[in-house]
1. So what's the back-of-envelope 222 nm ellipticity for chain A, counting only DSSP H runs of four-plus at -39500 (n - 2.57) apiece and dividing by all residues, rounded to 500?
2. Most mobile of B:Ala233, B:Ala131, B:Ala65 per a Gaussian network model of chain B (Cα springs, under 10 Å)?
3. Pop out the carbon and sulfur fraction of the accessible area of the protein assembly as shown as a percent, whole number, probe 1.4 Å.
4. Which far-off residues, 5 or more places away or on another chain, put their amide H under 5 Å from the one on A:Gly17, with H placed in the peptide plane?
5. If you average the alpha carbon positions of region B:76-90 and of region B:140-180, how far apart do those two centres end up, in angstrom?
6. With charges set only on the Cβ (+1 for Lys and Arg, -1 for Asp and Glu), what does the dipole of the protein assembly as shown come to about its Cα centre, in debye to the nearest 20?
7. Grab the DSSP H runs of chain B that are 4 residues or longer, score each as -39,500 (n - 2.57), total them, divide by all residues and round the 222 nm result to the nearest 500 deg cm²/dmol.
8. Considering only DSSP states other than H, G, I, E and B, which trypsin sites (Lys or Arg not before Pro) in region B:22-61 qualify as loop sites with at most 14 other Cβ atoms within 10 Å?
Amino acid sequence: MKAPFVMMAMLETTHGGWSPLVWLVVFAAACGVALWIRAIGRGDSRTGGASQKPFLSGNDLADPEDARVAASNMYWGFTHALRVYYRRVMAFHSGSLADSILWFLVVLAMLLLAGRVA
Amino acid sequence: MADVFYSILCVFGLAFYGIFLGLVFSGVDRMVVARMQSRIGPPLFQPFFDVLKLLNKQDMLPANAVPGIFRMAPVVALAAAVTLLFYLPLGGIGAPVLEGRGDAILALYLLLIPGLAMVIGGFAGGSPYAAIGAQREMVTMISYELPLATVILTFAWKLASLGVAQPFSLGVMAAQPIWGYVGLLGSLGVVILFFVMLLVTPGELGRIPFDSPEAETELAGGILVEYSGRSLALFQLAMAVKTVAMGALMVTLFLPWNVSGWIALPAPVGAVADFLFFLVKVGFLLFFSVSVLRAAMARLRISDVVTGYWKWIGSAAVVGLLLILLDAKG
């Protein structure tokens, strides 16, 4: 026996596919299960006082903006580990439109050549 | 009407199947690691007690939090993890419940959603520790996706090269074990991919040595530091379900055999035997990829996580792919 939502439309590629409608129906039902479990739990909570302050090992957070990670640090760890690569790639970013168009043409030529070889 | 009842039964049944198994595996992991460290450790069902305790605690909302997003992130995480189970072959069930309605690419995206929900919840918490934890989780996710995608693509490519229809289908991957289609060189490639997958799993599950987003000793719980009560319980349940999903994915790709394929058994007995064998395989894989690594290693720095996944584990995955390619050409 197949569930009725299994019969909904598919988005197929040559090698696979998926049904967004089926996914949405199942995801909505799973959200229902999660909300039900959440509803079992205790819903009340204290407001105000120290328990609502962000945990910062007893220190004061003077400005909520201090809790944010700056956009320039968003991928720190990744950029640090691959810093040699980034240093070289960033050197290519001269800010000149002519350079960007040149790189686009070089990459396009390489792709066309690779396609021809394959 | 019977179809609707079946659908509801499927959702609830799989949700509680995943939650129960995930918490049991978590309990086994804690017991095993305790024994490895010469400790007595908690009882098997301690994760159940932990979740019940959390459900009875207050659910605090931090002063700087974005309430709607902060509250909904754990719900989305658990729902996405449960949804994933519908697309994976689960032991005695054999083919996925939604066989043919979603493939390995969808499974890859669904694996990302619980982590993304944690990232969004962490940023919405308004805490410096949670924000740093969320940033680290994001970087960890970017890191392990490369080797994971390489493993999946290699399997799909191999099946496609054999002329198999729908090579990205997880049901097809389970029905046609790759080991039967490769020679000696290819087998070596599959073994390498197997070890790659064992190392991707702790990253997916946020376990040591890839748990820098939580990092209790430096970030006091990091991404989850502001979560409490039922919201924290939902995140724990999401991770439990994701543990089962990762185990099922590894079994689907590398150890998809069933007992009923070797021994002729009556249908109901065969299904039970297959299911028990599936649990043994999942437990075996999680033992090596989660428990042994957790007991043997310390936490890596976030930059070392990236280096590990992109340079070493990613390179190993590419070597595995190349060996299987060479095997096919030879």
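1. Working: 4 runs with 56 residues, N = 118.
Calculated at 222 nm, the ellipticity per residue is -15500 deg cm²/dmol.
2. B:Ala65
3. Details: 14600 of 20950 Å².
Percent of accessible area from carbon and sulfur atoms in the protein assembly as shown: 70.
4. Counting only residues 5 or more places away or on other chains, the set is B:Asp103.
5. Rounded to whole Å, the Cα centres lie 19 Å apart.
6. Numbers: 28 positive and 24 negative charges, 96 e Å.
My answer is approximately 460 debye.
7. On the way: 13 runs with 221 residues, N = 330.
Helix contribution divided over all residues of chain B: -22500 deg cm²/dmol.
8. Details: sites: B:Arg30, B:Arg35, B:Arg39, B:Lys53, B:Lys57; in loops: B:Arg39, B:Lys57.
Filter output for region B:22-61: B:Arg39.
The values are calculated or read from the model by the stated rules, or taken from the named source; none is laboratory data. None of the values given here were measured: they were computed from a predicted structure. So basically every Cβ, Gly included, is an ideal-geometry build from the backbone, and we count neighbours across all protein chains shown. Note: accessible area is taken over every heavy atom of the protein model, side chains too, but ligands, DNA and RNA are not part of it. Shrake-Rupley method; radii C 1.70, N 1.55, O 1.52, S 1.80 Å.
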